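Before any comments, here is the structure.
The values are calculated or read from the model by the stated rules, or taken from the named source; none is laboratory data. It should be emphasised that the depicted structure is a prediction, and the values quoted were computed from it without experimental measurement. Ideal geometry is used to build each Cβ from the backbone, glycine not excepted, and the neighbour counts take in all protein chains shown. To get the accessible areas, we keep the full protein, side chains included, count just its heavy atoms, and leave off ligands, DNA and RNA. Shrake-Rupley method; radii C 1.70, N 1.55, O 1.52, S 1.80 Å.
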Amino acid sequence: MGEVRPLVDQAWKYIEAREIDRLDEVFADDIVWQYPGGIKLQGLEQVQGYLWAWLDAFPDLHHEEVDSGEWNGTLANEVRIVGTHTGTLRTETWEIPATRKTITWESVEWIKVRDGKIAWWKEYNDQVPFLVATGLIPDPAES
């Protein structure tokens, strides 16, 4: 096993246990975390705030590993993320009221380590299932 996998596993354990304050054990202070849509979080405090917003909206959020590969301090990790949308998802720019639906989305995480901590995490995911389930777009399958 490489150096990245154990850090990512621990990060997910903290996220799913709602122990966001412990992420400093595995994340660099200057971590950069990017999401689709141009969202770029810089620094541990921004990442923690963003994760709290998701956990407030999806208190049972959890992931399932699908596949992964690690080389030279980098991990490509395919995951399936599941959560029940029971709270309002709030960010600085928008709010999505609770739908009470269980939502599943597929994601690929590209993660790099520097000096023994996660320094860069970029997520690529199919946003359509999330957008349909929250009512932000019509279901293309029903067109």
query = For the range 12-42, which residues satisfy the criterion of being within 16 Å of ASP115 (Cβ to Cβ) and outside any helix (DSSP H, G or I)?
reply = VAL26, PHE27, ALA28, ASP29, ASP30, ILE31, VAL32
ASP60 vs. criteria open to solvent by 40 Å² or more (accessible area, probe 1.4 Å), closer than 19 Å to TYR124 by Cα and at pLDDT 95 or above = no
ask   = Would you pick out the residues in the range 129-143 that are farther than 20 Å from THR88 by Cα and part of a helix (DSSP H, G or I)?
value = PRO140, ALA141, GLU142
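Mind listing whichever residues of the range 87-116 are assigned to a strand (DSSP E or B) and either open to solvent by less than 70 Å² (accessible area, probe 1.4 Å) or at positive phi (or both)?
Initially, the range 87-116 is screened for residues assigned to a strand (DSSP E or B), giving 89-90, 95-96, 102-114.
Within the range 87-116, LEU89, ILE96, ILE103, THR104, TRP105, SER107, VAL108, GLU109, ILE111, VAL113 meet the criteria.
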request  = Could you give me the residue pairs with C-beta distances under 6 Å whose first residue belongs to the range 39-58 and is farther than 16 Å from PHE130 by Cα, whose second residue is part of a helix (DSSP H, G or I) and at pLDDT below 95 wherever it lies, and which are 6+ apart or on separate chains?
outcome  = LEU41/TYR50
query = Before we move on, is GLN34 under 21 Å from VAL4 (Cβ atoms), surrounded by 15 or more Cβ atoms within 10 Å (Cβ to Cβ), touching a strand residue (DSSP E or B) at 6+ places or on another chain (Cβ under 6 Å) and modelled with pLDDT of 95 or more?
reply = yes
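Would you pick out the residues in the range 1-11 that are open to solvent by 20 Å² or more (accessible area, probe 1.4 Å) and assigned to a helix (DSSP H, G or I)? Lay out the reasoning, then the answer.
Filtering the range 1-11 for residues open to solvent by 20 Å² or more (accessible area, probe 1.4 Å) gives 1-3, 5-7, 9-10.
Correct list: ARG5, PRO6, LEU7, ASP9, GLN10.
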message = On the basis of being in contact (Cβ under 8 Å) with a residue 24 or more places away in the chain and either exposed (fewer than 14 other Cβ atoms within 10 Å of the Cβ) or hydroxyl-bearing (Ser, Thr, Tyr) (or both), does THR84 make the cut?
response = yes
